[in-house]
Every structure is written in structure tokens, then in C-alpha cells.
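Visitor: Take a look at this one; I'll ask things after.
The values are calculated or read from the model by the stated rules, or taken from the named source; none is laboratory data. Just so it is clear, the structure is predicted and the values come from calculations on it, not from any experiment. Don't worry about glycine lacking a Cβ; one is built from the backbone with ideal geometry, like all the others, and counts go over all protein chains shown.
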Amino acid sequence: MDITELNKTEGVRDTATREADALETKEMMLNMGPSHPAMHGIIRLILKLDGEVVKDCEVHIGYLHRAFEKMCEEGGYLQVIPYTDRLNYVSPLINNVGYCMAVEKLFGIKTTERCDYIRVIMSELSRITDHLTCVGASAMEVGAFTVFLYMIKAREYLWELIEEVTGARLTISYTRVGGLKSDLPAGFAEKCRTRLKEVRKVNQEVHTLLTKNRIFIDRMKGIGTISQEDAVAYSVTGPFLRATGVDYDVRKDNPYLIYNRLDFDVPVGEYGDNFDRYLVRMEEMEQSIRIVEQCLDQMPKGPVAVDMEGRAIPAEFMVDEAKMGRTGGLLEVQAVVDPTLEGGTRANFNAVQTEEKRAILPPKEDTYGNIEGLMQHFKLVMYGHGIRPPKGDTYQAVEGANGELGFYIVSDGTDRPYRVRVRPPCFTILAAFPLTCIGWTVSDIIPTFGSVNMIGGELDR
Amino acid sequence: MSSTPPSSPLDKLGAVSQSELLPEVLTLLESQFSGKVLSVCVNLGDWEASVAKGSVPEIMRFLRDDKRTDFKMLADLSAVDGLKMGLVPRFYVVYHLYSIKLKHRLRVKTNVSEEDPAVPSLVDVWPIANWFEREVWDMFGIRFTGHPDLKRILMYEGFQGHPLRKDYPVNYRQPLIGPRN
């Protein structure tokens, strides 16, 4: 290009800037949320914009505050378990496990091996449902609606499986202090394997739809970055931290339950951007499937819920017999219980519950059939009795779907928790959220926020 | 509480298995800050230290930066109201630290009295302390001196009282607030 021409273009640009300077420009405040389709529940971002670029971002939380920690102090230890379902309601089983493990640590209870395996299986299934929801929803927000439908379909497979085990889809309350509500139903392993195959297939489809999709990559790659140092200083954990390249995973670094016996990888990203978080979540699902498959192979066999020899009798009948003192044969028979208690009979109980009489409810045969069982049952459920861990305090961390989920429990020796503190993984990520959106445009907030996987229930408690 | 870890069977309960590191970090802390670290112990397998309120930032900075402790992450920060347990002083603030490199945890407690509920802020040491401290202020009414913007986080502006204090009634109804314009 000729120098004169260059001068000319320079001159044109100068005029343009001068004109722009003459125009009045000012920063704009934009209120995003709390009622906004991409804000996943309720959160409010107050943005300061220069054109379309975010200059400042302030996060307001608390719209879903339900006084979780206060309510925990009001009821017994077992009554906290249903509240924990409502923390991260996309993967409630992990919350159940974390809370029960913290109380068990106070007691010094060692759970049975089969119970540990079932807890791991259910936690990992929950992790997959959580990641499916997160990836599906954030893909939908950038326009890939098909992916959302596919992933919700896969999530449905798993939730049906969870429903068969726990009796509920979302508010499952499956674990108990010292064990589980009940054993796995008959034929669980085969069903689980086929469902996981279906999930794998869906994930393959999603990979072909997204991973090399130009539109998706343009919206995700290099956007919403956070550095390793910042992530650690903000105490960010889970896939959000691992996408920056730090391989911190509670399951690997402070193994609990039986995670140290399992062979799985901790996927890490490189750039800490949205695309890495997507890839980390996709790979974690695969690793979770591997974990579940190993557990199904290694798990010590337990009895199935069906009594093959026809020794099952209805619970009311059992109570009548016991009232008349005909208890001789009752130790041999199995109670037919309500479907919600299925798998909670004696044969299953011994496999999934510890021997700790201070903490676990007796099997239904004993509750209905003999006075010791009835007394034990009442001592644990009656007002003013309940389970009483020794005085003390403890912290138990588990790897939630979003990161380290910690329970700090203080016991004063009574039947109610003195203090239950939850360390919610979302909380720290949201505190660091302004770092990931300042300097990017408003439209970039949508995929970045999607990759946070904010769950209001655990964020605001 | 003593400086040597008790060899009770409870030690084995913790999920953390690096118990051989235990005396090192805790004894180091005691020797480095004699007089400021009030006590150290192993509590159900968790390492625990109780420190004087005024020296919290200094001790935390040391714990973060020293190669032998390397607590780069403030995993959690919360408080407990000891009113119904009869604790004197009434509150304590509890910090949970984690080291990603050395894979160990430490719980640090510091007592806070009802008359002067203020603790030095840790925002300069870990930025995440900003939100954690706001939550403690919101829930317990414990102030953090040096905090840049100490305001409520889960409750709304205009909320009266601090709900996680034990003398806050669980069924207390707040006065209605109208829309702010």
C-alpha cells in the first residue's frame, strides 16, 4: 500500500475516533436476574457494561435461602437427612452420603463393606445425572437443544434406576447413620449395566454433536477463563478447578468409603475455559461409569429382597402373633413390608447396616416381632430420645458433583445436632464468578454461567 | 489438650491417612507461634489448633506460605454460637484449611466474645474469605475488621438480628418490608 493511501486511511480513522469522542458515551448498568431463563434458578448479577463488554460484575445470592442450618438444629440427627436432599437437588445422594459419614465419624461407626459399595454406586450415578443436567442445560442455552433432550433422556434412565432403589426420584433420603434405608432390589446389577450402556451411547452422540461443532466451540473455547492461582485462592473445587489443570479430587486425594480400591482417572483441563469444563465433565461421566461397573463386579454379594422359601408373612399378622406371645417362630420368618420399606428386612439389613445399636433402626421383623426390637425402635424415633453421638465436632468432605462438599457437625451429646455447617461447592465458585466474566461480553456470560452449574439449593441453603 | 497426639483408637477414624505428618505441622505451629497458638490436638483424626484472635492473619499467612504447611486453600470458614453449651467466650470462628500439594487438612479455631464480636479479616490472605466472612456476619453478627464490604449475603438488607445465633427464635417473624424504589 502506498504511504499516501495509508495516511488517508489513518486520517479517516482519526476522524471516526474524534466523532466517537464527541458523542456522549457512558457505562450502563444491567440487571441480570433473579428471574432470568439462563440464571438457573435464582441469582442476580449486576453488570456494568461498556458497550457490550462487561466492566464489572456483582453477584447477589440468597434468593433461595431456606434456613437449612437453622432447621437442622431443631430436629433429630435423622431428621436432617431429608433436608440434605434439598441441598444439591440434582445429585441428592451425594449429600446424604456426606452427612451420614460426618455423623458416623462422630460416633466412630464403621459401615459394612456392601453398604460402602452401594453408597459409592449411588453417588456415582448421581454424579452422572448432575453432569448430564449441567452439560445438557448449558448446551441448550447456546442453541444445541437436541443435546438437552438427549441428555435428559439419559438422565431419565438413571433416575428410574434410582427410583427403583430408593423409592423416589429426587427427594430420596436413602442413607441412614450407620447404613442405608434398604438393600438393592433384585436384578439391580444387570439393569444398571444396561442403563449405563445407554448413557454411554448418549454421551457418544453428544460428543459427535458438540465436541467438533464450530458454533459450540466458538461460544465455549477460550471464554470464561480463570487461572490456577485464582481458582485455588478462591477455594474453587470440582470440575471448575480441574479444568484449570489442578488435579484435586477428594475421591483420589483423601479417599473415603472404598474409592482407594477403584481404578479411575481424574481428568484435568488446560486453559480453564468453558470448553475445558465441558470436556472435564464429559470425561468424568465416563470415569463414573467405570467406577460403577467395577463396584458391581467387586461388591460382596448380599441377599436379594425376595424370600425364596415362602417364610414371609404380613407385618400386621406378625404383630398379632407377637401380642399373643407366639414369638417362637418369628425369628425365622421374614416380614412382608410396605413397598417403601422393601429391602429393609432382616436378611438385607445385616448386609447394609452396622451392628451399632445406638444409631440404626432394627429390621422390621424385630420391630414387629419382639420387645427388644420394638424398644430399640422407639428409643431411636421417640421425641426426646433419638440417636446421640458423643460430644465433639468433626469435618467430613466428600466429592460432590460440583466440588468439595463438606459437613462440619458439632455435637453437644444430645439428640439434636448442635450445629450443622455445610460447605457448599457452588458458593466459592460464585464468589469467583466475576473473574470469569469481566472483560467478556454479555452473551459470554450465558455459557460461562452454564458451566458453573449453580444449584440454588446448596448455594443459598 | 496436649501438644502430642493422643494415641487413642479414634485416631484411625479420619479419612485422612497421612497421620505421620501430623506432629510435624502441629508442632511446627506451636514452636513458631508460642503464646499465640493456645493449643493443638488431634480430634477424631482431624488436626486442630486453637489460636489467639489477634494473631489470626499472621498465623494464616504463615500457614499459607510456608513450604511445610502449604495450606493454599481456605476450604471453609464458619462460626459456632456456644450459648446453649455454656461456652465462655460465647462464639468461636472455625477455619478449615487444605493443602492441595501435601493433601492435608487443618482446623483452626479462635474464640470470640459476645461483648467484642470482631475478628481480623482474612481477605488479604485468601480472597474467598470475603464471601465466607460476609456469611458469618450475616448469620452470627461477628464483625471482621478490615473487611472491604461487610454486608449481608444470604439475608436481605433490613433483616433484623442474626438468625444462627442460638437466642434467635426459629419461628420469629420478621416485619414485612415494602418494595424499595
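Visitor: When you scan the range A:397-418, how many residues do you find that are under 22 Å from the mean Cα position of the chain (by Cα) and either facing another protein chain (nearest Cβ under 7 Å) or not in a strand (DSSP E or B) (or both)?
Guide: Residues that pass the stated criteria total 7.
Visitor: Please return the ranges of helices (runs of 4 or more DSSP H) entirely within the range A:184-261 where 3 or more residues are under 20 Å from residue A:128 (Cβ atoms).
Guide: A:188-210, A:239-242, A:250-253
Visitor: Could you list all residues from the range B:80-103 that are crowded, with 24+ Cβ neighbours inside 10 Å, over 11 Å from the mean Cα position of the chain (by Cα) and either among the basic types (Lys, Arg) or under 17 Å from residue B:49 (Cβ atoms) (or both)?
Guide: Within the range B:80-103, B:98 is the sole residue that qualifies.
Visitor: Sticking with this structure for a sec: For the range A:193-201, state whether one or more residues are among the basic types (Lys, Arg), closer than 30 Å to residue A:146 by Cβ and touching a residue at least 60 places away in the same chain (Cβ under 8 Å).
Guide: Yes.
Visitor: Of all residues being in a helix (DSSP H, G or I) and of a type in the set (A, V, I, L, M, F, W, C) in the range A:102-116, which is nearest to residue A:408 (Cα to Cα)? Just the residue, please.
Guide: Per the stated criteria, the residue is A:102.
Visitor: Next question, about the same structure. What's the number of the only condition in (1) buried (at least 17 other Cβ atoms within 10 Å of the Cβ); (2) assigned to a helix (DSSP H, G or I) that residue B:77 fails to meet?
Guide: Going through (1) buried (at least 17 other Cβ atoms within 10 Å of the Cβ); (2) assigned to a helix (DSSP H, G or I) one by one, residue B:77 breaks only (2).
Visitor: Sticking with this one: Identify the residue in the range A:101-120 that is at pLDDT below 85 and over 15 Å from residue A:356 (Cβ atoms) and, among all such residues, is surrounded by the most Cβ atoms within 10 Å (Cβ to Cβ).
Guide: A:114
Visitor: Applying the selection to the range B:37-53, what residues are at pLDDT 85 or above and either more than 24 Å from residue B:89 (Cβ to Cβ) or not in a strand (DSSP E or B) (or both)?
Guide: Those that are at pLDDT 85 or above and either more than 24 Å from residue B:89 (Cβ to Cβ) or not in a strand (DSSP E or B) (or both): B:52, B:53.
Visitor: Please count how many residues of the range A:60-74 are more than 7 Å from chain B (Cβ to nearest Cβ), crowded, with 18+ Cβ neighbours inside 10 Å and within 22 Å of residue A:454 (Cα to Cα).
Guide: Residues meeting the conditions: 3.
Visitor: Okay, moving on. With the structure loaded, tell me whether residue A:372 is away from chain B (no Cβ under 14 Å) and modelled with pLDDT under 90 or whether it fails that test.
Guide: yes
Visitor: For the range A:75-100, what are the residues that are surrounded by fewer than 24 Cβ atoms within 10 Å (Cβ to Cβ), of a type outside the set (Asp, Glu) and farther than 15 Å from residue A:386 by Cα?
Guide: A:82, A:83, A:86, A:89, A:90, listed by residue number.
Visitor: Shifting gears a bit: Run residue A:459 past the list (1) away from chain B (no Cβ under 12 Å); (2) among the hydrophobic types (A, V, I, L, M, F, W, C); (3) within 21 Å of residue B:78 (Cβ to Cβ) and report the number of the one that doesn't hold.
Guide: The failed condition is (1).
Visitor: Quick check, is residue A:130 assigned to a helix (DSSP H, G or I), at pLDDT 90 or above and of a type in the set (Asp, Glu)?
Guide: Yes.
Visitor: Follow-up question, since we're still on this one. Being within 14 Å of another protein chain (Cβ to nearest Cβ) and free of Cβ contacts under 8 Å to residues at least 24 places away in the same chain, is that true of even one residue in the range A:126-147?
Guide: Looking for residues that are within 14 Å of another protein chain (Cβ to nearest Cβ) and free of Cβ contacts under 8 Å to residues at least 24 places away in the same chain, one finds none in the range A:126-147, hence no.
Visitor: Let me ask something else about it. Could you check residue A:224 against (1) over 21 Å from the mean Cα position of the chain (by Cα); (2) closer than 27 Å to residue A:113 by Cβ; (3) not polar (S, T, N, Q) and say which number it fails?
Guide: Against the list (1) over 21 Å from the mean Cα position of the chain (by Cα); (2) closer than 27 Å to residue A:113 by Cβ; (3) not polar (S, T, N, Q), residue A:224 comes up short only on (2).
Visitor: Pull up the range B:130-161, narrow it to residues that are out of contact with any Ser or Thr (no Cβ under 6 Å at 6 or more places or on another chain), assigned to a loop (DSSP other than H, G, I, E, B) and more than 11 Å from chain A (Cβ to nearest Cβ), then point me to the one that is modelled with the lowest pLDDT.
Guide: Top of the filtered list is B:158.
Visitor: Show the residue pairs that are 6+ apart or on different chains and have beta-carbon atoms under 6 Å apart, the first residue being within the range A:223-238 and closer than 23 Å to residue B:133 by Cβ, the second being aromatic (Phe, Trp, Tyr) and not in a helix (DSSP H, G or I).
Guide: A:233/B:126
Visitor: Answer yes if at least one residue in the range B:144-156 is surrounded by 21 or more Cβ atoms within 10 Å (Cβ to Cβ), under 25 Å from residue A:404 (Cβ atoms) and within 15 Å of the chain's Cα centre (by Cα), and no otherwise.
Guide: yes
So that you can scan it fast, the table gives a plain yes or no per residue for (1) farther than 19 Å from residue B:25 by Cβ; (2) of a type in the set (A, V, I, L, M, F, W, C):
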{"residue": "B:69", "(1), (2)": "no, no"}
{"residue": "B:87", "(1), (2)": "yes, yes"}
{"residue": "B:107", "(1), (2)": "no, no"}
{"residue": "B:111", "(1), (2)": "yes, no"}
{"residue": "B:132", "(1), (2)": "yes, yes"}
{"residue": "B:154", "(1), (2)": "yes, yes"}
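Visitor: Any residue in the range B:167-178 that's more than 10 Å from chain A (Cβ to nearest Cβ): show its pairings with residues that are outside any loop (DSSP other than H, G, I, E, B) and surrounded by 10 or more Cβ atoms within 10 Å (Cβ to Cβ) at Cβ separation under 8 Å, as long as the two are six or more apart or on different chains.
Guide: As it stands, the answer is B:167/B:83, since those pairs meet every condition given.
Visitor: In the range B:54-74, how many residues are surrounded by fewer than 24 Cβ atoms within 10 Å (Cβ to Cβ) and not in a helix (DSSP H, G or I)?
Guide: Looking only at that region, the number is 6.
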